[in-house]
1. Could you say which residue among 293, 284 is over 19 Å from the mean Cα position of the chain (by Cα) and either within 13 Å of the ligand (Cβ to nearest atom) or under 26 Å from residue 43 (Cβ atoms) (or both)?
2. Just name the residue that is nearest to the ligand (Cβ to nearest atom) out of those in the range 120-146 that are surrounded by fewer than 17 Cβ atoms within 10 Å (Cβ to Cβ) and in a helix (DSSP H, G or I).
3. Have a look at 251, 199, 222, 190 and point out the one that is within 16 Å of the ligand (Cβ to nearest atom), modelled with pLDDT of 95 or more and surrounded by 24 or more Cβ atoms within 10 Å (Cβ to Cβ).
4. So is residue 44 surrounded by 17 or more Cβ atoms within 10 Å (Cβ to Cβ) and within 12 Å of the ligand (Cβ to nearest atom) or not?
5. Need pairs with beta-carbon distance below 8 Å; first residue over 14 Å from residue 17 (Cα atoms) and within the range 282-294, second at pLDDT below 95 and in a helix (DSSP H, G or I); sequence gap 6+ or separate chains.
6. Scan the range 94-112 and give yes if some residue there is part of a helix (DSSP H, G or I) and under 19 Å from residue 40 (Cβ atoms), otherwise no.
7. Which one of these is within 12 Å of the ligand (Cβ to nearest atom) and either modelled with pLDDT of 95 or more or under 14 Å from the mean Cα position of the chain (by Cα) (or both): 238, 272?
8. For residue 209, are the conditions met, namely being modelled with pLDDT of 95 or more, surrounded by 21 or more Cβ atoms within 10 Å (Cβ to Cβ), more than 16 Å from the ligand (Cβ to nearest atom) and at negative phi?
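The values are calculated or read from the model by the stated rules, or taken from the named source; none is laboratory data. These numbers were taken from a predicted model, which means no experiment stands behind them. Cβ: placed from backbone, ideal geometry, glycine included. Neighbour counts: every protein chain shown.
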Ligand SMILES: Cc1cc2nc3c(=O)[nH]c(=O)nc-3n(C[C@H](O)[C@H](O)[C@H](O)COP(=O)(O)O)c2cc1C
């Protein structure tokens with residue numbers, strides 16, 4: 001892959017801006033997609049908690065079709081940090097890419113314990129705080145729904161690790177930019193935007209919700225415009241690098257997030273459905289750079305500058321009395 005795609009992200013050097021969204025590469029999972037992990041700029045690992053979490057009652061998934069995406073209500077099923085590190089350290093090391101470990105907890109002190117332990121291993125390049133999962137009775141998502149708890153969490157974890165801290169935020173709140181600003185002030189190194197959207201579906205035959213937990217996280221194409229708008233707003237408001245996520249399923253989708261201000265992009269649902277999409281995205285981004293005679297960094301946030309230029313031109317026209325009908 002060409003040098004054009006190389007990025008600096010929160011002090012790390014990645015070969016390219018593509019990562020897999022947390023929850024898609026699951027070392028303990030059965031029937032997981034065969035992802036080309038070795039080709040990615042970084043690999044984001046499934047969220048892990050201090051103790052084993054069994055997950056919610058099944059069904060965990062409801063497929064909403066190719067146009068919309070899917071609901072999941074897994075509830076961050078994971079073996080807990082002890083078994084995870086015992087059983088999967090060799091597999092993680094063999095990936096040979098910068099690893100971003102996602103942390104799941106419902107108490108600040110557990111996030112802190114996880115951060116300290118994961119840092120100690122020397123295995124991970126960065127930590128992502130999952131303060132945004134809607135499938136754990138809202139307890140975890142609550143950290144990302146208001147500036148103050150977000151600030152307190154990031155500040156506490158900052159004291160436990162020298163690794164870059166990536167705050168993964170929820171769209172399920174009125175003002176994501178305010179939460180992002182609070183994370184920046186507390187010492188976050190970067191942001192991931194967005195986690196799944198709180199949603200639900202009903203089976204009209206049974207009259208019951210389609211997932212075991214009534215509500216679930218919506219992912220895939222349906223959330224792309226929402227995610228794109230949030231990436232734009234946060235890029236305009238906060239000076240931190242962003243991993244854009246939400247319904248990215250092609251190079252064109254990925255490019256939109258980069259133009260809106262994401263330095264990197266994460267793919268979830270589309271990678272589950274069709275793992276080769278990862279290679280296609282890399283090829284497409286490389287071609288987009290070649291076509292425009294720039295490296296990928298030159299495209300980050302470009303649409304903000306183009307929009308400002310257009311606004312200035314419109315204002316100049318108006319001031320000169322030109323008719324713009
Ligand atoms: C099956 C599944 C499992 C997920 N598990 C996690 C998780 O453990 N931690 C997390 O932060 N996000 C998790 N997510 C959210 C994704 O990382 C991502 O933010 C979201 O799905 C939006 O991206 P997408 O539309 O490309 O899937 C999960 C998503 C899916 C579909």
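1. Just one listed residue meets the conditions, 284.
2. Applying the filter and picking the extreme gives 121.
3. On the way: 251 fails: surrounded by 24 or more Cβ atoms within 10 Å (Cβ to Cβ); 199 fails: surrounded by 24 or more Cβ atoms within 10 Å (Cβ to Cβ); 222 fails: surrounded by 24 or more Cβ atoms within 10 Å (Cβ to Cβ).
That would be 190, the only listed residue that is within 16 Å of the ligand (Cβ to nearest atom), modelled with pLDDT of 95 or more and surrounded by 24 or more Cβ atoms within 10 Å (Cβ to Cβ).
4. In short, yes.
5. The qualifying pairs do not exist here.
6. The answer is yes, given that some residue of the range 94-112 is part of a helix (DSSP H, G or I) and under 19 Å from residue 40 (Cβ atoms).
7. 272
8. Values: modelled with pLDDT of 95 or more: yes; surrounded by 21 or more Cβ atoms within 10 Å (Cβ to Cβ): no; more than 16 Å from the ligand (Cβ to nearest atom): yes; at negative phi: yes.
It is false that residue 209 is modelled with pLDDT of 95 or more, surrounded by 21 or more Cβ atoms within 10 Å (Cβ to Cβ), more than 16 Å from the ligand (Cβ to nearest atom) and at negative phi.
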